[in-house]
Each structure stands twice: as structure tokens, then as C-alpha cells.
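Worksheet: the structure to be examined is printed underneath.
The values are calculated or read from the model by the stated rules, or taken from the named source; none is laboratory data. Because the structure is predicted, anything quoted here is derived from the model rather than measured. Please note: Cβ atoms are built from the backbone with ideal geometry, for glycine as well, and neighbour counts cover all protein chains shown. In case anyone asks, the SASA skips ligands and DNA or RNA and just uses the protein heavy atoms, side chains included. Shrake-Rupley method; radii C 1.70, N 1.55, O 1.52, S 1.80 Å.
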Amino acid sequence: TWLVEFYAPWCGHCKALAPEWEAAASKLDGVVKLGAVDADKHRNLGSKYGIRGFPTIKVFKGVGNKARRPSDYQGERKARAIVDYAKSVLPSFSAVIKASGLDAFFEEEPNLPHAVLFTDKN
């Protein structure tokens, strides 16, 4: 998961966001990646992702063939809000499975580690 800020160097709102963005990036280091694109300098990227104003924060989920179309972050432009949102969009790798589906669970992604919690619930 990536959160990418599209900004312009002359934009006052972008300048106000910069310290909050840096604080959020520091708090999310190793968990969620944050990036920034100078959309004045890289107009082709701004155009590709429909950037119409600054700052615009896009959320990119997935990788390669599993990549999804980015969505807009609409939350508050404060580090705490950005961190909370970023953590909330992380994919969940947990699943409830029945004993009959255990073999399929291990075969689904054979190269990834698997953990199973057994309970006596029905």
C-alpha cells in the first residue's frame, strides 16, 4: 500500500501539509509507504491520475497484476489522521476456514507462511 501526495512547490496548502506528511511517513516507516510527486515537474503523472488540485493524496493498493485503480484520500491533513487511515486500509490476511478447507488454505499461497488458530467453536 502506498499513499502518494501530488503537490506543487508554489502551493501554500502543500507547504502546510509537508511537515504532517513527513511525520506520518516517519510513523509509518516499514508499514505503509508514503511518497510525494511534484506534479508541476511530472505533469504526465498528474494527468495520468487525474490530478486537478493541490495537494491531492492518492491511495495505491496492490502490486503488479493485483494493483487496483488508486482512490482519493479525503481525510484530515494531519499526521495522526493520515497514519490512522493508512493503517485502516492495510490488507487483512486472516480468514475463517473450516477443517474441510484446511488443505486448500495451505495450497492457496504455497510460498507464503501460514498460521492457524484452532478453536472449539462450531
Query - Simple spin-label estimate for ASP103 and LYS41 in nanometres, 7 Å along Cα-Cβ - result: 5.6 nm
**Report entry** Inter-probe distance in nm under a simple model that places probes 7 Å from Cα toward Cβ, at ARG68 and LYS87
**Finding:** 2.0 nm
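Using DSSP, restrict attention to beta bridges with both residues in the chain and report what percent are antiparallel, rounded to the nearest 5. Don't jump to the answer; show the numbers that get you there.
Working: 7 of 13 bridges.
Approximately 55 percent, going by the DSSP bridge assignments.
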Query raised in the report: Along the charge dipole of the chain, Cβ charges K/R +1 and D/E -1, which of PHE6, PRO113, PHE54 sits furthest on the positive end?
Result: PHE54
Requested in this report: Go through 34-40, 96-102, 46-52 and give me the packing order, highest mean Cβ count within 10 Å leading.
Outcome: 34-40, 46-52, 96-102
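Kindly report the accessible area of the chain per residue (heavy atoms of protein chains, probe 1.4 Å, no ligands, DNA or RNA), in Å². It would help to have the intermediate numbers written out before the result.
Values: 9060 Å² over 122 residues.
About 74 Å² of surface per residue is accessible.
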Requested in this report: Using only Cα atoms, tell me the angle between helix 12-27 and the longest principal axis of the chain; keep it within 0 to 90° and round to the nearest 10.
Outcome: 30 degrees
Report summary line: Among [x] 284; [y] 102; [z] 147, the value of volume of the Cα convex hull per residue in Å³ computed for this structure carries the label [z]
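Students often get this wrong, so check it: of LYS58/LYS98; LYS27/LYS61; LYS48/LYS78, which have C-alpha atoms separated by over 31 Å?
Working: LYS58/LYS98 37 Å; LYS27/LYS61 19 Å; LYS48/LYS78 26 Å.
In this structure, LYS58/LYS98 exceed 31 Å between Cα atoms.
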Query raised in the report: Per the 1.4 Å probe, what fraction of the accessible area of the stretch 68-122, in percent, lies on carbon and sulfur atoms?
Result: 53 percent
